[in-house]
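First up is the structure itself, then whatever we jot down about it.
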Amino acid sequence: MPLFVLPDSNKGIALLSLLVSVLALTLKYAAYTVSGSVALGADAMETIINVVSAAGGLWALGIAERPADHNHTYGHYKAEYLSAVAEGTLVVLTAFLIGREAIEGWLSPHPALAPWSGLALNGTATLLNLAGG
Ligand SMILES: [Zn+2]
C-alpha cells in the first residue's frame, strides 16, 4: 500500500511537491539552528531552491495551460522554460552563497553544538523528501 496517493494532475503534483519542500525546509532549518553546523545550513539553503522552484513550477503550470490568445498566438507553454531558467539561476546563486559560508566556516571554525540532533532532523527531512518523491 502506497504511503499516500499521488494527485492525478500536474498542478496537484506540483502542489504536493511544494508542501513537501516547505516541510523539508522547516526540518532542515531546525537542524541548522539546533546544531549550528555549516554543512546542515548549506543543506537548508539548498532546500530553499526546492521551495522556490516548486512554487515557480506551480505558477508556470498555471500559466502554461492557458489557451493561445492574441498576445501569445502559440500558447503560454514557454512559462515553463522561464521557470526552469529561474531555477537554474537560483542554483548558481545558492552555490555562491554556500561557498561563501563554507569559506567563512573554514577561516573561523567552531564545533557544531548538537550534531546528532541536527542530523536526526536533517535525516527526517531526507526521509520526507524520499517519500514525497
Ligand atoms: Zn497571453
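Things to note:
- Subset of the stretch 58-113 [over 21 Å from the mean Cα position of the chain (by Cα) and closer than 30 Å to Val38 by Cα]: Ile103, Glu104, Gly105, Trp106, Leu107, Ser108, Pro109, His110, Pro111, Ala112, Leu113
- In the stretch 105-119, the residues that are in contact (Cβ under 8 Å) with a residue 12 or more places away in the chain, surrounded by fewer than 15 Cβ atoms within 10 Å (Cβ to Cβ) and assigned to a helix (DSSP H, G or I): Ser117
Okay, residues lined up against (1) free of Cβ contacts under 8 Å to residues at least 40 places away in the same chain; (2) away from the ligand (no atom under 16 Å from the Cβ):
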| position | (1), (2) |
| --- | --- |
| Ala39 | yes, yes |
| Ala68 | yes, no |
| Thr89 | yes, yes |
| Glu101 | no, yes |
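- Condition check for Leu25: surrounded by 17 or more Cβ atoms within 10 Å (Cβ to Cβ) and under 17 Å from the mean Cα position of the chain (by Cα): yes
- Meets criteria (hydrophobic (A, V, I, L, M, F, W, C), touching a residue at least 40 places away in the same chain (Cβ under 8 Å) and within 16 Å of the ligand (Cβ to nearest atom)) for Leu61: yes
None of the figures in this text is laboratory data; all of them are computed from the coordinates on show. From a predicted model like this one, the values you see are computed outputs, not experimental measurements. Positions of Cβ are generated from backbone atoms using ideal geometry, with glycine treated the same way; all protein chains shown enter the neighbour counts.
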